[in-house]
Amino acid sequence: MDTAVALVFSLCCLLLLSLWRKSSERGKLPPGPTPLPVFGNFFQIDVKNFNQCLTNFSKVYGPVFTLHLGMMPTVVLHGYEAVKEALIDHGEEFAGRGSLPLAERINKGLGSPCDPTFILSCAPCNVICSTVFQNRFDYQDQDFLNLMEKLNENVKILSSPWLQYIRSYLLERIKEHQESLNVANPRDFIDYYLIKLKQESHNQQSEFTHENLATTVLDLFNAGTETTSTTLRYALLLLLKHPDVTAKVQEEIHHVVGRNRSPCMQDRSHMPYTDAMIHEVQRFISLIPTNLPHAVTCDTKFRNYIIP
């Protein structure tokens, strides 16, 4: 009985200590819903409609507020003005990257409606393949189809074991590159990286490692495939709805690029209308509504709050 009493007493002390610490921290941080010990604001968050949930919180607590994700306090910047003020006006202080635990763990017919998702996903993925592997794939190639399938699944389930499939596939391609590497004639991104890795082999502190190479290539696919295909898909929808805009974009493309060559980066500065259209599509669809987590690089005063 004494042991049980002592255990209950200890747990109560821990809960009181946790509440006291949270209370003292909230004195410096922006306002927000009162968190529970350990669970934070978990039970107050609508995980099925997270974006709208954040909007609702902002209506109560303002555009800068604090949410406790479990025991971790997180400052949320909601709306254009707050985000611009932080990331542009205070860019240096807000330049740190926040923690993504799941990502960190992973790093270790005729006449019928047409769904363009597949073809629009294949195109950007193949561009990345040509940069990384030096070769494009046929859209019916089974290895390519498997890669596309797992990339799309991983966007939905970041902690999925399928990501290990992609990592294994990339490690296999890196091994093939090692076996056929010609230092005098590098073919693609992997070859250039392997050459640099050889040059740094004497440096024990070098960040050029096989592990980092696999992670970097994986990041290229994760960041460049689904986001690009989603932008293209919505651009197609919006251009169908606004034929006047489509006509102007098409006219600019024909005038600057023509029909006899592929576009290049230098064309961008000569195509302001097309460039503006792409940015407007991304603004309209809110491509990554919650952005990625950021961290401040030092204790920062922001709108009269202190973000540690």
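State whether one or more residues within the stretch 1-17 are closer than 24 Å to V64 by Cβ, of a type outside the set (G, A, S) and either modelled with pLDDT of 65 or more or open to solvent by less than 90 Å² (accessible area, probe 1.4 Å) (or both). I'd like the intermediate steps shown before the answer.
Taking the stretch 1-17 as the starting set, the residues that turn out to be closer than 24 Å to V64 by Cβ are none.
Checked the stretch 1-17: no residue is closer than 24 Å to V64 by Cβ, of a type outside the set (G, A, S) and either modelled with pLDDT of 65 or more or open to solvent by less than 90 Å² (accessible area, probe 1.4 Å) (or both).
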For the stretch 260-290, which residues satisfy the criterion of being in a loop (DSSP other than H, G, I, E, B), open to solvent by 70 Å² or more (accessible area, probe 1.4 Å) and within 19 Å of L232 (Cα to Cα)? S262, P263, I288, P289
What tally of residues in the stretch 175-206 results from selecting those that are within 20 Å of C129 (Cβ to Cβ), open to solvent by 70 Å² or more (accessible area, probe 1.4 Å) and hydroxyl-bearing (S, T, Y)? 1
If only one of K156, K150 is at pLDDT below 85, out of contact with any Cys (no Cβ under 9 Å at 6 or more places or on another chain) and surrounded by fewer than 11 Cβ atoms within 10 Å (Cβ to Cβ), which one is it? K156
Does any residue of the stretch 237-259 turn out to be open to solvent by 70 Å² or more (accessible area, probe 1.4 Å), of a type in the set (K, R), within 18 Å of the chain's Cα centre (by Cα) and farther than 23 Å from S130 by Cα? no
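Just to check your reading of the model, which residue among D299, D267 is among the acidic types (D, E) and farther than 21 Å from A123 by Cα?
Exactly one residue qualifies, and that residue is D299.
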Within the bounds of the stretch 115-135, is there any residue that is among the β-branched types (V, I, T), modelled with pLDDT of 85 or more and in a strand (DSSP E or B)? no
Among helices (runs of 4 or more DSSP H) lying entirely in the stretch 40-107, which contain 3 or more residues that are at pLDDT 90 or above, open to solvent by less than 30 Å² (accessible area, probe 1.4 Å) and of a type outside the set (V, I, T)? 50-61
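The values are calculated or read from the model by the stated rules, or taken from the named source; none is laboratory data. Note that the coordinates shown come from a computational prediction; the quantities given were computed from them, not determined experimentally. Note that we place each Cβ from the backbone using ideal geometry, even for glycine, and neighbour counts take in every protein chain shown. Heavy atoms of the whole protein, side chains included, go into the accessibility calculation; ligands, DNA and RNA do not. Shrake-Rupley method; radii C 1.70, N 1.55, O 1.52, S 1.80 Å.
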